[in-house]
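A.B. asks: Right, I'll just put the structure down here and ask away after.
Values in this text are rule-based calculations from the coordinates and carry no lab data. These numbers come from a predicted model, not from an experiment. Cβ coordinates were reconstructed from backbone atoms using ideal geometry, including for glycine residues, and neighbour counts include every protein chain displayed.
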2 protein chains.
Amino acid sequence: MAKVKKQPRPKAATPKGFRDYFGAEVTMRKAMLDKIAAVYHRYGFDALETSAVETVEALGKFLPDVERPNAGVFAWQEESETGKMGDWLALRYDLTAPLARVFAQFRNDLPTPYRRYAMGPVWRNEKPGPGRFRQFYQCDADTVGAPSVAADAEICAMLADALEAVGIARGDYLIRINNRKVLNGVLEAVDPAGEADRDAILRSIDKFDKVGEAGVRELLGKGRLDASGAYIDGVGLSDAQAEPVIGFLTSKGAEAPETLTNLRAAVGDSAIGAEGIDELETIATLLAAQGYGADRIVIDPSVVRGLGYYTGPVFEAELTFETTDEKGRVRQFGSVAGGGRYDDLVKRFTGQAVPATGVSIGVDRLLAALQARGLGAAEDAGPVVVTVMDRARMADYQAMATELRKSGIRAEVYLGNPKNFGNQLKYADKRRAPVAVIEGADEKARGVVQLKDLALGAKIAQSASLEEWKSQPAQVEVARADLVAEVRRILARAD
Amino acid sequence: MAKVKKQPRPKAATPKGFRDYFGAEVTMRKAMLDKIAAVYHRYGFDALETSAVETVEALGKFLPDVERPNAGVFAWQEESETGKMGDWLALRYDLTAPLARVFAQFRNDLPTPYRRYAMGPVWRNEKPGPGRFRQFYQCDADTVGAPSVAADAEICAMLADALEAVGIARGDYLIRINNRKVLNGVLEAVDPAGEADRDAILRSIDKFDKVGEAGVRELLGKGRLDASGAYIDGVGLSDAQAEPVIGFLTSKGAEAPETLTNLRAAVGDSAIGAEGIDELETIATLLAAQGYGADRIVIDPSVVRGLGYYTGPVFEAELTFETTDEKGRVRQFGSVAGGGRYDDLVKRFTGQAVPATGVSIGVDRLLAALQARGLGAAEDAGPVVVTVMDRARMADYQAMATELRKSGIRAEVYLGNPKNFGNQLKYADKRRAPVAVIEGADEKARGVVQLKDLALGAKIAQSASLEEWKSQPAQVEVARADLVAEVRRILARAD
């Protein structure tokens, strides 16, 4: 072996924009994803786990706003042992691009339509920011090869079921559906000859949330003075020309039939617009037949986010309850999932168009929502800690922990240096142990153990009055033979 | 936007050495890991999920046989938007190096000892081969900061519990424990002055399995004629000098006390050897007190694999039942987990030595073992498929699937082109659907549906006699109102 030079100590840190997940952060997410997977599975969706690494060629350039090749992804070039350079590889940036590759690769073996769900980390080589990481979880369900909008309706129903399965109450969420084709119909109605700047029209529509109806009218017409004082040029449409856009944006009625009637007016004679509205009507009918009413899923033309990416129906799940943001402001929780119908997914590989539709749940946002609703333990239950009073009797202590575990109680023996008993109790605190078990020579001789109720102790220290303290002693002596039963009794009291 | 040149179609393939996992391949592994995690959790171990990406600096060079820096891992250099080059990053190649980084980074916040489990993919930039992939799962549990061998005993007990939890029967596995210090003691006894070639002695010991006692004697002495006809030079020890090695290799007795007595003879006056044997004795005592007898965990000096990496106790879990390999030969299943005590894990970051011990389960091998034992479904249960006889009545079919799902039955509506009914049944076959539901105009008018028992149909096609076919019709007509009850009845029969 060559002599190794003494090197400076490495820095113990994740790379910028990456983080670790500890204890309950891992188990809570897992519990949530398990519930979602159970719903997806019940709908006939099969699990798929693709490799984290793809060829850059297969991934393609799906990422928006990518100017440089490979920018936005973590990529590297294969190098053989002899130094010969090979394929460029990259970490997947979403779960949809790998699905396209899988369907193209295995299309002869997979059922068509192919319903699959996938959950796992994806990686983005982007500038990290607060709460914005370069590795994060996605949770997707897609149906590939189903041209019927029944597939879109199914995805929306499944999404509602999934949100309720993880604990979001009915009434606390709303799934809103729109259709890219309707928007195209509106553009045709506004500008049949294709003379206007359609991108500018789309940008104006996108600002509806911020500037309202009057603002959009200005943007479509002569222009608008921004809140910042900047003047934004208008598209230059006449008031009459702008009318279909306004009709579209304000088309939402109390029930689906009213909305659909308003939309038909907005698209006028446009064939593509009519097709889009027919699709929305079919979706509404299918969902109503399955019992998904307007309290859960609605047709809402204001869903425009990401429309550019999609080719047909689009949907978004929004949590409607209020929460406080990091600055203490009350806000609506907002979007936790989105999706829609997209074509040309598989076409780049095979030349054949394959219709597909799917949804992606924002795992971190939904987790945050559950926590905001007080759902799911923020902390993992700590183990019962068996303390070590006599190093030579480790076997006795291990036997206690074994007994507890056999009864399904999470338990461990203190395995640090037992000399300082205070350190053992500090350790138990750090572990959020509900109970510490103590058996010194005296207890051993008398056939008893001491049980320290740490959960109660913590509560007393925080808030309980002296009377409560007296009536519920935080430490009890019990017969060694009753260890399991007595620990169980304390744990039941803590719940 | 710049005009995009027409490019050749990308190849739909994973990079070399990577693969995808479909359906039951995903869910079976998940079910197995869930059971293991439950055991680890009950032992007081906390989940940890580190980022897949680490700095090359933090990862260090833990991989064996690595000559080139960064070889063996997938690595790339950070590049800022302005093109400035930054840190080298890499995908983790195991779960232990990230644990070292985490413990060093968060040691003031983490409890000590820190018990953690981790499960997830790791990546190796190695030449792929048959059954050898560049991304695979590991499943680790480690205790950091516990100097006591009680921690090692605990890991062994927990490993036994984990194997039984996933379905490996007692008697079908054996955990064997050895101690690196005992081997060091033997080397001291053989060669107190450090004059002999110790690496050559270790290589000879490592060949015990293949060449037996006489073969090792030859290798330690004058040399040995290989089966291939090649002559292997001996270490040049005298017979008397070689005796401790032979004593060590043949020290295993029926029970732990006998083995320990034999080992004490083998290490002679070596202090480190005596320390190692004392540790093994403590481990044996602790495990016996917890009820882990020689039918589950034994002291076995023949465990030498990976000894070089470890500094104290080492352990290996072996499955003792026979299986047939890919060439049809009967073989013992062999090792599915291994681990031991290692120092200097955290020291490279902090300068302070932190004792640690842990185990890693070979996820793919254990999964293969479960399948060899007929445990765990090799296939996911397919959904009930509601066929589409009349495209206009999609809402009716969706309502049926919804009813079935609400009763916990996996179900879906056929969403491909419904024109060719044969295609729908082919699809149901491909999905391994147990039942197809059929409702044409005639059935609708009469308030009934047809249920096609596809599982039974498949069985009849394979093996059943005509009589059985007659007594159990593969298609029944039932009242529409009884859909759920009748499907459930068929599913129960199929189990």
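A.B. asks: Chain A: which residue's Cβ hugs the A-to-B rotation axis most tightly, distance rounded to whole Å?
C.D. replies: With distances in whole Å, chain A gives A:Trp76, 2.
A.B. asks: If you don't mind, another one. Among rounded, prolate and oblate, which fits the stretch B:159-288 when a ≥ b ≥ c are the square roots of the eigenvalues of its C-alpha gyration tensor, a/c under 1.5 means rounded, and a/b larger than b/c means prolate?
C.D. replies: Numbers: a/c = 2.68, a/b = 1.47, b/c = 1.82.
Judged from the Cα gyration tensor, the stretch B:159-288 comes out oblate (a/c at least 1.5, b/c at or above a/b).
A.B. asks: Let me know the charge dipole size of the stretch A:384-494 about its Cα centre in debye, to the nearest 20, where only the beta-carbon of Lys, Arg (+1) and Asp, Glu (-1) is charged. Don't skip to the end; give the middle numbers.
C.D. replies: Values: 19 positive and 14 negative charges, 78 e Å.
Result for the stretch A:384-494 is approximately 380 debye, rounded to the nearest 20.
A.B. asks: Please report, largest first and rounded to whole Å, the three semi-axes of the ellipsoid equivalent to the stretch A:219-328, where each semi-axis is the square root of five times an eigenvalue of the C-alpha gyration tensor.
C.D. replies: 28, 23, 12
A.B. asks: Expressed in nm², what is the orientationally averaged projection area of the convex hull enclosing the Cα positions of the stretch A:77-119? All intermediate terms of the calculation are to be shown ahead of the outcome.
C.D. replies: Values: hull surface 18.0 nm².
With every direction weighted equally, the projected area is 4.5 nm².
A.B. asks: Using only alpha carbon pairs under 8 Å that are at least six residues apart, calculate the relative contact order of the stretch A:156-262 and give it in whole percent.
C.D. replies: Dividing the mean separation by the residue count of the stretch A:156-262 yields 20 percent.
A.B. asks: Classify the stretch B:201-243: rounded, prolate or oblate, from the alpha-carbon gyration tensor (a ≥ b ≥ c, eigenvalue square roots; a/c under 1.5 rounded; otherwise prolate if a/b is larger than b/c)?
C.D. replies: Values: a/c = 1.94, a/b = 1.34, b/c = 1.44.
Here the stretch B:201-243 falls in the oblate category.
A.B. asks: Using bins 10 angstrom wide from zero, how does P(r) for the stretch A:373-446 break down, in % of all Cα pairs?
C.D. replies: Distribution as computed: 19, 48, 24, 6, 2, 0 percent.
A.B. asks: Can you figure out the FRET efficiency of A:Ala481 with B:Ala31, using R₀ = 60 Å and their beta-carbon distance, to the nearest 0.05? It would help to have the intermediate numbers written out before the result.
C.D. replies: On the way: r = 37 Å, r/R0 = 0.61.
Rounded to the nearest 0.05, the efficiency is 0.95.
A.B. asks: Please report, in Å, the Rg and the Dmax of the stretch B:70-173, where both are computed over Cα atoms only.
C.D. replies: Using the Cα atoms of the stretch B:70-173, the pair Rg, Dmax is 18.3, 62 Å.
A.B. asks: Moving on to the next point. Considering only C-alpha atoms, what is the centroid distance from the stretch A:155-177 to the stretch B:475-495, in Å?
C.D. replies: Cα centroid of the stretch A:155-177 versus Cα centroid of the stretch B:475-495: 29 Å apart.
A.B. asks: With Cβ to Cβ distances under 15 Å as the rule, what net charge do the other residues near B:Thr282 carry (K, R +1; D, E -1)?
C.D. replies: Net charge around B:Thr282: -3.
A.B. asks: Moving to a separate point now. To the nearest 10 degrees, how steeply does helix A:24-42 sit against the main Cα axis of chain A, on a 0 to 90 scale?
C.D. replies: Computed tilt is about 50 degrees.
A.B. asks: With each pseudo-label sitting 7 Å past Cα toward Cβ, what's the A:Ala271-A:Glu322 distance in nm, one decimal?
C.D. replies: 5.0 nm
A.B. asks: Now, a different point. What is the local net charge at A:Phe103, summed over the other residues whose Cβ is closer than 10 Å to its Cβ (Lys, Arg +1; Asp, Glu -1)?
C.D. replies: Net charge in that neighbourhood comes out at +2.
A.B. asks: Taking K and R as +1 and D and E as -1, what net charge do the other residues with C-beta under 15 Å from the C-beta of B:Pro130 add up to?
C.D. replies: +3
A.B. asks: Here is a follow-up. For q values of 0.05, 0.06, 0.07, 0.10 Å⁻¹, compute log₁₀ I(q)/I(0) with the Debye formula on a Cα-only model of the protein assembly as shown, without solvent.
C.D. replies: -0.39, -0.56, -0.75, -1.33
A.B. asks: Now for a different question. How high is the relative contact order of chain A, in percent, counting Cα pairs under 8 Å that sit 6 or more residues apart?
C.D. replies: Relative contact order here is 13 percent.
A.B. asks: Would you work out which of B:Gly215, B:Gln450, B:Leu202 lies farthest towards the positive end of the dipole of chain B? Charges go on Cβ: Lys and Arg +1, Asp and Glu -1.
C.D. replies: Most positive-ward Cα: B:Gln450.
A.B. asks: Can you run the Rg to Rh ratio on the stretch A:176-235? Use alpha carbon positions and the Kirkwood inverse-distance Rh.
C.D. replies: 1.00
A.B. asks: Mean residue ellipticity at 222 nm from the helices of chain A, using -39,500 (n - 2.57) per DSSP H segment of n ≥ 4 over the full residue count, to the nearest 500 deg cm²/dmol?
C.D. replies: Mean residue ellipticity at 222 nm (helix-derived): -12000 deg cm²/dmol.
A.B. asks: Mind checking the dipole of chain A: about its Cα centre, +1 per Lys or Arg Cβ, -1 per Asp or Glu Cβ, Debye to the nearest 20?
C.D. replies: Rounded to the nearest 20 debye, it is 2740 debye.
A.B. asks: Given Cβ point charges of +1 (Lys, Arg) and -1 (Asp, Glu) and nothing else, what value in debye, to the nearest 20, does the dipole of the protein assembly as shown about its Cα centre take?
C.D. replies: Taking the Cα centre of the protein assembly as shown as origin, the dipole is about 720 debye.
A.B. asks: For the stretch B:328-427, what class follows from the C-alpha gyration tensor (a ≥ b ≥ c being the square roots of its eigenvalues): rounded when a/c is under 1.5, otherwise prolate if a/b is larger than b/c, else oblate?
C.D. replies: Cα axes put the stretch B:328-427 in the prolate bin.
A.B. asks: Using only Cα atoms and rounding to the nearest 10 degrees, what angle (0 to 90) does helix A:483-494 make with the longest principal axis of chain A?
C.D. replies: 40 degrees
A.B. asks: Further question on the same structure: In Å, what is the Rg of the alpha-carbon atoms in the stretch B:146-220, and how long is Dmax?
C.D. replies: Looking at the stretch B:146-220, its Cα Rg and Dmax stand at 17.3, 50 Å.
A.B. asks: While we're here: Please determine, in degrees from 0 to 90 and to the nearest 10, the orientation of helix A:363-372 with respect to the longest principal axis defined by the Cα atoms of chain A, where the helix direction is its Cα long axis.
C.D. replies: Helix A:363-372 sits roughly 60 degrees off the main axis of chain A.
A.B. asks: Quick one: the Cα spread of chain B along its three principal axes, in angstroms, biggest first?
C.D. replies: Principal axes ranked by extent give 97, 70, 53 Å for the Cα atoms.
A.B. asks: Right, another one. Which listed residue (A:Trp76, A:Gly340, B:Gly167) has the Cα farthest towards the positive end of the charge dipole for the protein assembly as shown, taking +1 on Lys and Arg C-beta and -1 on Asp and Glu C-beta about the Cα centre?
C.D. replies: A:Trp76
A.B. asks: If you take the Cα atoms of the stretch A:384-494, find Rg, then find the Kirkwood Rh from the mean of 1/r over all pairs, what is Rg/Rh?
C.D. replies: 0.95
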